[in-house]
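The values are calculated or read from the model by the stated rules, or taken from the named source; none is laboratory data. Remember, it's a predicted structure, so these values are computed and weren't measured experimentally. Positions of Cβ are backbone-derived with ideal geometry, glycine not excepted, and every protein chain shown enters the neighbour counts.
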Amino acid sequence: MSLPALSLSFSISSPAHFSSSNFKKFNSLKPPNATPSQISLDSTPPNLNPSPSQPSHNTGVIVVGAGLAGLAAATRLQAENIPFLLLEASDAVGGRVRTDSVDGFTLDRGFQIFITAYPEARKLLDYDALDLRRFYSGARVFYGGRFHTVADPLRHFSDSLQSLTNPIGSVIDKLLIAVTRIRVLSQSDFQILTADEVKTIELLRSIGFSESILDRFFRPFFGGIFFDRELETTSRLFDFVFKCLALGENTLPKNGIAAIPEQLAAKLNPSSVLLNSRVVSIDHESEEGAVVKLKSGELLRSDLGVILAIEEFEAVKILKGKTLAGDGVKLPVRSTICLYFTVDNDKVPVKDPVLFLNGSGRGIVNNMFFATNVAPSYAPAGKALVSVSLIGLHEGVSDEELVEGVVKELSGWFGEAAVGLWKYLRMYRIEFAQPNQCPPTNLMKEARVKAGLYVCGDYVSSATFDGALVSGRRAAEALLEDRAAVKSSMFSVSI
Ligand SMILES: Cc1cc2nc3c(=O)[nH]c(=O)nc-3n(C[C@H](O)[C@H](O)[C@H](O)COP(=O)(O)OP(=O)(O)OC[C@H]3O[C@@H](n4cnc5c(N)ncnc54)[C@H](O)[C@@H]3O)c2cc1C
């Protein structure tokens, strides 16, 4: 889908700006053997010209936003030796993929799972270095006052045989899961992401799944992935995630989910990444390239183009109200709350690295797991970490009420004696977890707003780690394509 023309004009840099002297100027700022820890924590980029109305710094490409999309864009540019500055508003890279270290506990900002089969992630990440810890392939569903296992037959055959007759779904439902697996595996990712779409719930009903399995398994499981228990999210996203789940493992990096963006950032030239640097506007009128204004008032000029790797609503603000995808920011965005508790490790009621789902249709908990059963490094020695996820923001409900409600509800799952020992650690209320990707969607949006201005982020592709990574690479490649065209026209003029 092409993006609407923006009223802001963006002039392609004149051939003179695509010169090796500009590259040299920027490259000379790079320390030859800089280490990742040198990523600047200073909000002030190199100040080459103190005049407030003049850009203080020229660079090739400016990438705004150091979430997965921005990191992927920067990675692609660096691979082509294109100088860039990656500007991040917050105090670390990662965007929505962040982890806090609190008193020896590893607290991901919201429950996130890394699926090893994400195709773009496989190309970009060193899985061994991430030391990925696996979940059980399946889930344990709380329904009718007790737990029922749903297991992947290819990985836990005997568990799956035993689960054939449990009340989570009929035998036919379980066969339909196998049929769905074959269907998605027979399609390419491109086919899946561009296929005719309906809401996920409509797709599942059309396949023939019973209301029992929809309520007891699909709503808590995929509703937990999409933060959408109604399952109104596009069937394209369902098929894509279902395929990745069939091909890969659900994992957590040993050092927390933020190890993923941190690994990407560690490979970038440290002096090209500026944290605490919020962009407030971009001027595309200049003949000499785009001028990016930071909150500090500092101006930075980009000779080759700007890649906006920020959330869609932020991009709309910076581009002065223009919507990027044609249809505007879709509401409601997807929200979640994650609560963490701890307890002595020997008091954990279950030792399996399994995800627990609320299939009861009652209560506020959607899913939970004992994080230390998956990755013991998530807590100090002798302690366990419990992670509980709710869908939505639960506005108007205080933190205390939520903690109380969760403890009461999970006491019904694991017993009052066990849950009574849990100590509350922290809560994350995440208003914007994912963009709303209900139909109609375009999961292959054009990165190019116009030559010299590009967008990426999970809203441009699929609302997943992988979608963000793909979109970042595509934005960089669109820029490289445009620049190659400028370069070849320079070449033909000089002949
Ligand atoms: C709780 C939670 C659970 C999730 N679970 C999963 C999961 O299990 N599996 C999965 O695949 N995906 C999951 N996701 C989704 C996934 O995290 C996102 O799709 C992906 O990280 C989006 O990356 P992004 O680069 O597009 O955007 P972001 O991560 O939002 O990055 C945008 C960056 O731009 C910066 N920025 C914004 N405005 C400016 C500005 N003006 N100037 C400078 N910088 C700016 C922001 O600070 C941010 O760092 C989850 C998300 C959340 C929050």
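What do you reckon, is residue 310 assigned to a loop (DSSP other than H, G, I, E, B) and within 11 Å of the ligand (Cβ to nearest atom)? Quick ask: steps written out before the conclusion?
Details: assigned to a loop (DSSP other than H, G, I, E, B): yes; within 11 Å of the ligand (Cβ to nearest atom): yes.
Considered against the rule, which asks whether it is assigned to a loop (DSSP other than H, G, I, E, B) and within 11 Å of the ligand (Cβ to nearest atom), residue 310 comes out as yes.
So which residues in the range 109-166 are among the small types (Gly, Ala, Ser) and in a helix (DSSP H, G or I), if there are any at all? Steps first, answer last, please.
Let us first name the residues in the range 109-166 that are among the small types (Gly, Ala, Ser), namely 110, 117, 121, 129, 137-139, 144-145, 151, 158, 160, 163.
121, 129, 158, 160, 163 - these are the residues of the range 109-166 that are among the small types (Gly, Ala, Ser) and in a helix (DSSP H, G or I).
Do we have any residue at all in the range 477-485 that's assigned to a helix (DSSP H, G or I), over 16 Å from residue 305 (Cβ atoms) and either at pLDDT 95 or above or in contact with a strand residue (DSSP E or B) (Cβ under 7 Å, 6 or more places away or on another chain) (or both)? There is no residue in the range 477-485 that is assigned to a helix (DSSP H, G or I), over 16 Å from residue 305 (Cβ atoms) and either at pLDDT 95 or above or in contact with a strand residue (DSSP E or B) (Cβ under 7 Å, 6 or more places away or on another chain) (or both).
For every residue, the table says whether it meets (1) loosely packed, with under 15 Cβ neighbours inside 10 Å; (2) modelled with pLDDT of 95 or more; (3) within 11 Å of the ligand (Cβ to nearest atom); (4) not in a strand (DSSP E or B).
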position: 280; (1), (2), (3), (4): yes, yes, yes, no
position: 331; (1), (2), (3), (4): yes, no, no, yes
position: 338; (1), (2), (3), (4): no, yes, yes, no
position: 342; (1), (2), (3), (4): no, yes, no, no
position: 364; (1), (2), (3), (4): no, yes, no, yes
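The residue list 177, 182 contains one member that is more than 16 Å from the ligand (Cβ to nearest atom) and either crowded, with 19+ Cβ neighbours inside 10 Å or assigned to a loop (DSSP other than H, G, I, E, B) (or both), which is 177. Count, please, the residues in the range 91-133 that happen to be of a type in the set (Phe, Trp, Tyr) and within 11 Å of the ligand (Cβ to nearest atom). Counting residues in the range 91-133 that are of a type in the set (Phe, Trp, Tyr) and within 11 Å of the ligand (Cβ to nearest atom) gives 3.
Among the residues of the range 389-396, are any of a type in the set (Asp, Glu) and part of a loop (DSSP other than H, G, I, E, B)? Checking the range 389-396: at least one residue is of a type in the set (Asp, Glu) and part of a loop (DSSP other than H, G, I, E, B). Every condition in (1) surrounded by fewer than 20 Cβ atoms within 10 Å (Cβ to Cβ); (2) touching a Leu at 6+ places or on another chain (Cβ under 7 Å) is met by residue 209 except one, and the failing one is (1). Which of the numbered conditions does residue 433 fail, given that it passes all the others? Conditions: (1) near the ligand (Cβ under 10 Å from one of its atoms); (2) assigned to a helix (DSSP H, G or I). With respect to (1) near the ligand (Cβ under 10 Å from one of its atoms); (2) assigned to a helix (DSSP H, G or I), residue 433 is out only on (2). Of the conditions (1) of a type in the set (A, V, I, L, M); (2) surrounded by 22 or more Cβ atoms within 10 Å (Cβ to Cβ); (3) at pLDDT below 95, residue 310 clears all except one; give me its number. The failed condition is (3). Close Cβ contacts (under 9 Å, 6 or more residues apart or on different chains) running from residues in the range 73-94 that are over 22 Å from residue 109 (Cα atoms) and among the basic types (Lys, Arg) to residues that are within 9 Å of the ligand (Cβ to nearest atom) and not in a loop (DSSP other than H, G, I, E, B) comprise 76/472. Just one residue in the set 291, 241 is at pLDDT below 95 and not in a loop (DSSP other than H, G, I, E, B); that residue is 291.
In the set 476, 447, 451, 485, which member is hydrophobic (A, V, I, L, M, F, W, C), loosely packed, with under 15 Cβ neighbours inside 10 Å and away from the ligand (no atom under 11 Å from the Cβ)? The conditions single out 485.
When residue 197 is tested against (1) out of contact with any Pro (no Cβ under 9 Å at 6 or more places or on another chain); (2) modelled with pLDDT of 95 or more; (3) not in a helix (DSSP H, G or I), exactly one condition is not met: (1).
Scan the range 99-107 and tell me whether some residue there is among the acidic types (Asp, Glu) and buried (at least 19 other Cβ atoms within 10 Å of the Cβ). Give the steps one after another, and end with the answer.
First pass over the range 99-107, keeping only residues among the acidic types (Asp, Glu): 100, 103.
Cutting the leftovers down to buried (at least 19 other Cβ atoms within 10 Å of the Cβ) gives us none.
No, that holds for no residue.
Within the range 71-90, how many residues turn out to be near the ligand (Cβ under 6 Å from one of its atoms) and crowded, with 23+ Cβ neighbours inside 10 Å? Walk me through how you get there before you give the answer.
So in the range 71-90, the residues near the ligand (Cβ under 6 Å from one of its atoms) come out as 87-90.
Next, only the ones that are crowded, with 23+ Cβ neighbours inside 10 Å stay: 87-88.
Selection size over the range 71-90: 2.
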